[in-house]
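Below is one structure, written out as structure tokens, with a few remarks after it.
Laboratory data are not the source of any read-out in this text; all were calculated from the coordinates shown. Given the structure is predicted, the values throughout are model-derived calculations rather than measurements. Because the Cβ atoms are built from the backbone with ideal geometry, glycine has one as well, and the counts that use them run over all protein chains shown.
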Amino acid sequence: MESTVRERTFPASLDCLGGFRAFILEENGAEERLPPKRVAHLDVAIEEIVVNICSYAYENPPGKLTIRVEESPEAFAVEFLDNGVAFDPLEVDEPDVTRPLEERDAGGLGILLVRRMMDEVHYSRKGTLNSLRIVVKTPRER
Amino acid sequence: MFEMKIVVESWGRDVSLTGRLDAGSAPDFEKEAIAAVDAAGESVHFVLDFTNLEYISSAGLRSILVLAKRLAPSGGKVVLCGMSGVVEEVIGVSGFDSFLPVAGSRGDALRIVGAV
């Protein structure tokens, strides 16, 4: 199988969450190529990243969010591109998940889930764009 | 798709969740759960049965945290049961199983809240 890249731009609005999910998980074949457990991981990662971008990236929402899906024999990768405020979510300190209830807040849990459930997460600033790229490695075919 | 069923019990509220607790449904869950706490007007426990919950994200975690913090001052507990798959993983990664009691079965959850 050769590598393919598919790209689509959506309004960066939570109303489009269903559209993002369908584009990545269904139209681009994640559900066919990955085990159900990994599809579920991808599902969580997509929501967390999209919610962050739609909620915080733009001073005058909604801006735009471009999704690039790259499929190769080795991996299923998704890149999220927005031209909002420069922000590297991987630089934020991870929450201490051992603290008791009274000391807990929900901050930082979304990106923590992304980091734990994806095989790779990369941030880069590309000109005026924030790029967050997540990778799920494809199981080897027997 | 998300549905919640709240059954009023002498010890508190027995809540079954079905489907996806995500950024779309979590605000509704939180609103209904907090309304149930306010309506009770006394110390109550919540059992959250996740047997039919397929998915949860940090938005869902946030709503559960709000509920647990609301109940804590009066000694009310939020007990989780019926977790599997990605729901169990999300609860584990977030460490919510370190401050909320997790029951291996519904029966154990009911024992923790003193129902049986």
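For the reader, a short list of remarks on this structure follows.
- Helices in chain A, meaning DSSP H runs of at least 4 residues, each add -39500 (n - 2.57). Divided by all residues, the mean residue ellipticity at 222 nm is -7000 deg cm²/dmol.
- Inter-chain neighbour count for B:41-53: the average number of beta-carbon atoms from partner chains within 10 Å of each residue's beta-carbon is 0.
- Rounded to the nearest 500, the helix-only mean residue ellipticity at 222 nm of chain B stands at -12500 deg cm²/dmol, with each DSSP H run of n ≥ 4 adding -39,500 (n - 2.57).
- With contacts taken as Cα pairs under 8 Å at a separation of at least 6 residues, the stretch A:4-137 carries a relative contact order of 27 percent.
- Coil-residue GluC sites (Glu not before Pro) of the stretch B:1-82, DSSP, other Cβ within 10 Å capped at 12: B:GLU42
- Counting only lysines at least 8 places from A:LYS64 when in the same chain, those with an alpha carbon closer than 21 Å to its own are A:LYS126.
- Farthest toward the positive end of the dipole of chain A, out of A:LEU112, A:PHE23, A:PRO11, is the Cα of A:PHE23, where the dipole comes from beta carbon charges about the Cα centre.
- Total formal charge among the other residues, if their Cβ is under 15 angstrom from that of A:GLY108, Lys/Arg +1 and Asp/Glu -1: -3
- Counting DSSP beta bridges with both ends in the protein assembly as shown, the antiparallel % (nearest 5): 70
- Taking Cα centre as origin and charging only the Cβ of basic (Lys, Arg, +1) and acidic (Asp, Glu, -1) residues, the dipole magnitude of the protein assembly as shown rounds to 160 debye.
- For the stretch B:2-112, the residue among B:THR18, B:VAL87, B:ALA59 whose Cα projects farthest onto the positive side of the dipole built from Cβ charges is B:ALA59.
- For GluC sites (Glu not before Pro), the sites in the stretch A:48-86 that DSSP calls loop and that have at most 14 other Cβ atoms within 10 Å are A:GLU59, A:GLU74.
- Qualifying lysines (Cα of each under 22 Å from Cα of B:LYS31; at least 8 residues distant if same chain): B:LYS5, B:LYS69, B:LYS77
- Neighbour-count ranking [beta-carbon atoms within 10 angstrom, fewest first] of A:MET118, B:MET4: B:MET4, A:MET118
- Beta bridge orientation in the stretch B:2-112: antiparallel %, DSSP, nearest 5: 35
- Take each residue in B:87-97, count the other chain C-beta atoms within 10 Å of its C-beta, and the mean is 4.
- Counting Cβ atoms of other protein chains within 10 Å of each residue's Cβ and taking the mean over peptide A:103-111 gives 5.
- Residues B:VAL66 and B:SER98, FRET efficiency given R0 of 22 Å [Cβ-Cβ distance, rounded to 0.05]: 0.80
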